[in-house]
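Enquirer: My structure is below; once you've seen it, I'll send some questions.
The values are calculated or read from the model by the stated rules, or taken from the named source; none is laboratory data. Keep in mind that this is a model prediction, so the values were computed, not measured. Counting neighbours? That spans all protein chains shown, and the Cβs are built from the backbone with ideal geometry, glycine included. Side chains are part of the model used for accessible areas, which takes the heavy atoms of the whole protein and leaves out ligands, DNA and RNA. Shrake-Rupley method; radii C 1.70, N 1.55, O 1.52, S 1.80 Å.
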Amino acid sequence: IFKPILGNSLVTDDPSSEVAVLLKELVFLTPGIVTRGTRIWTGALSSGEAIVIKYSWSNTNRALEGDLYQLASEKRVIGVATILNCSTFENVLTHLHAGGSPAADSNFRDPHAYQIHMQRQNRVLSRLVISPTGKPLRDETLSPLQAAEGLLAGLIGHASLFFQGGILHRDISPNNIIIIDDSLPQLPLDSSPVPTTSDPFAWIWPRDTPLRGCLIDLDYAIDASAQPSGALDRTGTYPFIAIQVLRGRERHRYRHDLESFLYVLLWVCCYPVVAGSAIILSPFDSIWPALDPLSKWHDEDEFSVASHKIAHVIDDSMLFGLLLERFRPGFEHFKRVAKEMRMTLWRLPGLSSCKLTAEGKPSEGRGDEYEEQGGGEREWLLPEEVRLGVSNKDAFQEVKKSMQWLVATLKD
């Protein structure tokens, strides 16, 4: 039983009322020993609409996922799951370890050091109720059209979250984009649409055009306007983390999430490997193994993965083309989109070649101002650029156009 956030009109008009939820099936349990203990259930409201219930131990030093969903709702973000409730319960420091002594732990003989450690590592049990439900993009039963519609919806949701909501997702992966399950009664993603003519963010996506999927999981999301301090924070799902984030060279920007969308597309098109369909392209089979094309991205260390992506995705179009030959039957049209996304992310101005361009560093003592290079073209990125001279917004529009072409082509 829960009370809907702000008397959410999707559920009830009475903010003081409680809503009963039926838990149906445990669909996800975090593996491992030291984790957030995430458990995700499918369920249903008493009125029959499908929902998702997520329990996890969230780090108290991060914004609560529910608070970010609520902020997105207040900013009228589209293409992102709708929050129905967020509740917090006990936390480790004040409930589970209350009155405990650090003497048993040889690492914390000093009670003060123990308190500092616990404050940094403290976690709170939270429960999140969201809608709609669906299949993740990693689901092997999805058709090429469903995968394309999911990618487009994820891209739109991510853009709305960033440009409209001021929130950067930072964990784009096949698990965090879902294709809505039309076989179940679902709550609408937006309960009070704004007319397109008065919507300043209609350039992202018209509200009267439904999306077939949405973006989920704001565990690692942040306020994009916040000024980070301290060490660089590497977040994301390992195979899909952008190169410069993986290397610890740059703070997480919009362009890094856009890069992750390319890796998600490649992953969805390559897996599962269809028996007998993979083409052996010796001697290049060691780069993109026929039975597991992207194995190096999940098996190797950070330096090796970053180097592999630079050498075989960015620097060499021929080697990148060989990866596209690993795509599953039915995913041939995705090759064009993959090539266009590569150019969007890394194409050099006025050329057809690609190169990884690093972000510039602010001039010492000049805040966010950047030093001018005398007598030459700028060779580093600004924080709001995806590639040299191309803004976040323009790069998004390029990728959206490619995705829309893909969906339209697969529908024909």
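Enquirer: Working with all protein chains in place, sort 222, 78, 314 by solvent-accessible area computed with a 1.4 Å probe, largest first.
Expert: 222, 78, 314
Enquirer: Here is a follow-up. Between residue 290 and residue 378, with labels modelled 7 Å along Cα→Cβ, what's the label distance in nm to one decimal, could you check?
Expert: About 4.8 nm, to one decimal.
Enquirer: Go through the range 319-336 residue by residue and turn each phi into a ³J(HN,Hα) via Karplus (6.51, -1.76, 1.60, θ = phi - 60°); whole Hz please, and just put x for glycine and proline.
Expert: 5, 5, x, 5, 5, 5, 6, 8, 4, 5, x, x, 10, 4, 5, 5, 4, 4
Enquirer: I would also like to ask the following. Name the lysines eligible as straight-distance cross-link partners of residue 54: C-alpha to C-alpha under 20 Å, and not fewer than 8 places from it in the same chain.
Expert: 3, 24, 135
Enquirer: Cross-link partners among lysines for residue 296, C-alpha distance below 20 Å, same-chain residues fewer than 8 apart left out?
Expert: 309
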